[in-house]
1. Accessible area of the chain with a 1.4 Å probe: how many percent of it is carbon plus sulfur?
2. With a 1.4 Å probe and every protein chain left in place, work out the accessible area per residue of the range 178-312 in Å², rounded to a whole number.
3. How big is D, in µm² s⁻¹, for the range 1-75 by Stokes-Einstein at 25 °C and 0.890 mPa s if Rh is the Kirkwood radius over C-alpha pairs?
4. Just name one of 270, 402, 335: the one whose Cα is farthest towards the positive end of the charge dipole of the chain (beta-carbon charges, Lys/Arg +1, Asp/Glu -1).
5. If you project the alpha carbons of the range 30-146 onto their three principal axes, what span does each projection cover, largest first, in Å?
6. Using a 1.4 Å probe and counting only protein heavy atoms, arrange 353, 315 so the residue with the most accessible area comes first.
7. With Rg and the Kirkwood Rh both taken from Cα atoms, where does Rg over Rh land for the range 85-242?
8. Ignoring ligands and nucleic acids, what accessible area does residue 217 show with a 1.4 Å probe (Å², nearest 10)?
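The values are calculated or read from the model by the stated rules, or taken from the named source; none is laboratory data. Quantities reported herein were computed from a predicted structural model and do not represent experimental measurements. Cβ coordinates were reconstructed from backbone atoms using ideal geometry, including for glycine residues, and neighbour counts include every protein chain displayed. Accessible surface areas use protein heavy atoms only, side chains included; no ligands, DNA or RNA. Shrake-Rupley method; radii C 1.70, N 1.55, O 1.52, S 1.80 Å.
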Amino acid sequence: ALVALALGIGANTAIFSLVNAVVLRPLPFAEPDRLVWVWGNIRNGGSRASVSALDYLDFRSQNKSFEHFAASVTIPVPVNLTGSGDPERLMASAVTGNYFDAFGVTPALGRGFTLENEKPGNDQVTVLSYGFWQKHFAGDPQIVNKTITLDSKTYQVIGVMPEGLTLPQSAELWVPLNFADPGMKQRKAHFLRPIGRLKAGVSLAQAQSDTDVIAAHLEQQYPDSNTGWNLRLVSLREQLVGGTRTTLFVLFGAVGFVLLIACANVANLLLVRAAARQKEIALRTALGASRLRIVRQMLTESLLLSLLGGALGALLAVWGVQLLVSLSADCLPRTVNVNIDGTVLLFTLLISLATGLLFGLAPAFRTVKVNLIDSLKDGARGSEGTLKNRTRSFLVVFESAVAVVLLVFAISLPFMQK
């Protein structure tokens, strides 16, 4: 019984830790509901394009809906770190001066970029990630204003991001975009990924209408490059977790069925055990024990068993979470936040209590319905014959039915995804 419960509760705990971290937990930014992911939208040709630098600047200067309208390069740029030991290849993200402001994050040391850093002469600065700072500079608290060499150019370190910061695009360090660069002057060159923070009180629909008006003006001004082109706005949360939400909830439902099978299995075991205790229960009833007292004892035993199973399940979930994260790091967002925290442990406690009640009710109520005289008469020979098997038969049928449903779903899932 303990093994069955530990596997069922452990599986539910592990999957819930994924659901909690990826879907339920708020994004780790200030007022995350105001953050918007921006796609370039080519009508009749696709809606997941990047944005050119010139178009981005036009939208940034003309929009009336965003408190901050920032951008980063579509993919991080590889750079070579030299000058301190062996050369090393790093991934750097080039961002606009208001990029960190859009997310509402503040560096742990120093400062972030400003719009002034987008201008020539002010762009040779960098902000380090916490992990990079710890790995290469041993957490030197005096790192701000020191210099590093990236691709033979000297950059001044102006800040270090806080520990645990997870931006949509991971990088080891950040550098500012220089809009004076000749490569930024091509309106057909789409390589920026905008991110916006809505002004207080502005809805996503209002912002979409605002950008549609700007896109229409740009289409009239630059028909060669902007005909049929606009922006499509999506909430950052929907962008990050929308594609995985259904999959995770379906998986959560599947392990819920596994727990139901475990409950039915344990309930069957306890029914057999209760049958062997018929004489004991009959004697206690004859001596004056009330039905409520008998039911309370049976449920107490069930709850103790479920809590022990929950404790073992929580230990199994620790290993299960590590396995799930290693297998899904490339296809699930926010896996860095997956852990067994207080919320997950509270879920484990609640599901353990609910499980104890679920599989304990059938034996408890079946016991108090026993005929007292027949049980005392047959007790010496065992009372299995006096206990009706309908409940146990139903539980066996229920287990088989749920198992078949899970099996059919597992076989059909690859075809459903195609």
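1. Result for the chain: 61 percent of the exposed heavy-atom area is carbon or sulfur.
2. I get 49 Å² per residue for this part.
3. 148 µm²/s
4. 270
5. Ordered largest first, the range 30-146 gives principal extents of 51, 30, 29 Å.
6. Sorted descending by solvent-accessible area, the residues read 315, 353.
7. Values: Rg = 18.1 Å, Rh = 17.8 Å.
Expressed as Rg/Rh, it is 1.02.
8. Residue 217 exposes around 90 Å² with every protein chain in place.
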